[in-house]
Structures are given as C-alpha cells and as structure tokens.
C-alpha cells in the first residue's frame, strides 16, 4: 500500500471542475473560429466588390446605353376633301386630296400669277384639318411653258421673300429638278415654303413647322 500525501492527486485523476473547464475552452475555440471565418468571408466580399466596381472595375460597363427613338405614325385626315371644279385641268387634278391631317377644301383660279408672272395656269388652294379655327395651309400652284420660265419666276419670288432659313434641291429619282427655300411668313409663328419642280412653282404658307411637313409630304 502506497501512502499519498494529503492534497496530492494521481496523474490519471480529473476532478469534475477540470472537465467543465475543458468544455468551456473548446466552445470558446469553436466560437473564435466561426468569427474568424465570418470576418474572412466579409473581407473577401468587400475585396470582390471593390475589384469589380471601383478598381479596376471589371463589372462597370463603359459602353453608353443605346438611345431608343420612337417614331410616331404620320397624322391622317379626319375630314373629307372638297370636290374639284368641273372641267379641272390635268395640273389641278394632280393636286392631292390630302397631305398629313390636312384636306383640300377650296380650289380657285389665281389670276395674279397668270397675268403678272406669265403662268399658263395657276390655282389657289386651301388645305385644312376641317375643324373650326384649325390648322390651315394656303397653297398657290402655277405651271409655266418651260423650266427656264418657271425658274425665273421662282428666283423673283424668292428674292422678294427675304433671307431663307433653309434651302436645298428638289430631286426626282435622285436627279435635281428644282429648288426649295423656307422663309419667314407674314405672321409670327408662320413660314413660307417656296419650291420649283420642273415647269411648276408652288408657294405654301402656314404655321411652322406644319407647313414644312406639308411640303415634305406634298407629292409634286
């Protein structure tokens, strides 16, 4: 029998307090590892975000977004055009019933271009939307014996109209057949479009930009 000194414990002996202390130590280590793992994941996420969006910015798209242009359909008339006078000439019959939302409401002979400018024939026409006080374009159309005579009249009318705000060539099938010019109208907010196409000369006056759109869609 071996005597043991009071208070001495053999190496293989553990008290209940030692076991509790070991469990608490292991739990603390596990918690620390979890905290370190979470911190590491957060750090990686921050680095990835900075790399993608700040520098060098792999995720940033430097290309501008394409512009989307929505083109509205051209306006169409809601009123009915007036009948042409009986015995209309081929030139007058070629005047369209409508242009954009405007319809032909009146057609009468224009004696000024015939008597003063030597036109073979000339007509004053009114194109309007048919509503009371609505949009209206006044058109004068004349035809001359040859392109040279029509060109002289066009130049005279353009010289009296003032400084053009826009001008260019009139083309048919890619070939130039005349010229056009836009000048200020007699009232504020209006314009005059003067153009020549072969032997014909046209003068349209009305609110801007409607009168310019009218010219663009007019088939002559």
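Numbers at a glance
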item	result
Efficiency of FRET from Cβ geometry, residue 166 and residue 112, R₀ 25 Å, rounded to 0.05	0.45
Sorted by Cβ neighbour density within 10 Å, fewest at the top, the residues 175, 80, 86	86, 175, 80
Residues residue 78 and residue 177, FRET efficiency given R0 of 41 Å [Cβ-Cβ distance, rounded to 0.05]	0.80
Neighbour-count ranking [beta-carbon atoms within 10 angstrom, fewest first] of 169, 129	169, 129
Modelled FRET efficiency - R0 45 Å, residue 132 with residue 156, Cβ distances, 0.05 increments	0.80
Order of 220, 95 under a 10 Å beta carbon neighbour criterion, fewest first	220, 95
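Here, each number is a calculation from the coordinates, and none is a lab measurement. Please read these numbers as outputs of a predicted model, since none were measured by experiment. Positions of Cβ are generated from backbone atoms using ideal geometry, with glycine treated the same way; all protein chains shown enter the neighbour counts.
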